[in-house]
Amino acid sequence: MAVLKLYTYPDNILRQKCHKVTKVDDELRRFLDDMLETMYVDKGVGLAAPQVGSDKRIIVIDPNPSDEDLSARQPMYLINPEIIWRSDETVMFCEGCLSLPNQSAEVERHEKIRVHYTDYHGKEQEILAEDFLAIILQHEIDHLDGILYIDHLSRLKRSRLLKKLEKYYEDKARETSNEK
Ligand code: NI
């Protein structure tokens, strides 16, 4: 397995609309494994293809990405995931994203969703997800349509967050140049 390059805001690749996968083969499975490895290394609970520079409709998630107890991990691979039902009830949850490092904000999501997808072995599946799992899935499936969680924020909250992100990038760049 390999750790893939992670693309961050404002890279245009994060704004592309991804294409449906037509064939689940070993090459795709290898890529899914690499995505999962990248997600664990970067300490995320989900990762979508655009974040590693791919335009395929695939996501990997793990609501319990434990480092200490590897057997507690619950990795899921979803190919062509599609939300086919959403509850009227919504929840607010503080979300972050590996592509917007060091930032977070409260986002409103559907409390429960039903998702249709193709699994690692090419089999059609359906899952009823709620709470944390439902939130992760909505966040990651958004990525496949070029949507970031900041798009769900008010203009004011979004611009505040992006200013903080810019500052974070500047501080990091300064740190790196000081080390040289
Ligand atoms: Ni994200």
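The values are calculated or read from the model by the stated rules, or taken from the named source; none is laboratory data. Here the structure is a predicted model, which is why all the values come from computation and not from measurement. Note that each Cβ is placed from the backbone with ideal geometry, even for glycine, and that neighbours are counted across all protein chains shown. Surface accessibility is based on the protein's heavy atoms, side chains included, excluding ligands, DNA and RNA. Shrake-Rupley method; radii C 1.70, N 1.55, O 1.52, S 1.80 Å.
Calculation over all alpha carbon pairs of the stretch 135-180 in 5 angstrom steps from 0 returns a P(r) of 5, 19, 16, 15, 18, 12, 9, 5, 0 percent. Under conditions of 10 °C and 1.306 mPa s, the stretch 17-56 yields 148 µm² s⁻¹ as its translational diffusion coefficient, taking Rh as the Kirkwood radius over Cα pairs in the Stokes-Einstein equation.
Each residue of the chain gets 131 Å³ once the volume of the Cα convex hull is shared out per residue.
Only lysines eight or more places from K5 in sequence, or on another chain, were considered; those with a Cα closer than 30 Å are K17, K20, K23, K43, K56, K123, K157, K163, K164, K167, K172, K180. Using only Cα coordinates, the Kirkwood hydrodynamic radius of the stretch 87-171 works out to 14.3 Å. Annotation: per residue accessible area for the chain equals 57 Å², rounded to a whole number [probe 1.4 Å, protein chains only].
Taking every pair of alpha-carbon atoms in the stretch 63-110, give the share separated by more than 17 Å as a whole percent. Intermediate results must be reported in sequence, preceding the final value.
Details: 720 of 1128 pairs.
For the stretch 63-110, the share of Cα pairs beyond 17 Å comes to 64 percent.
Considering only alpha-carbon pairs that sit under 8 angstrom and 6 or more positions apart, the relative contact order computed for the stretch 12-131 is 20 percent. Candidates I141, L156, H116 compared by Cα position along the dipole of the chain: farthest toward the positive end lies L156, with charges placed on Cβ.
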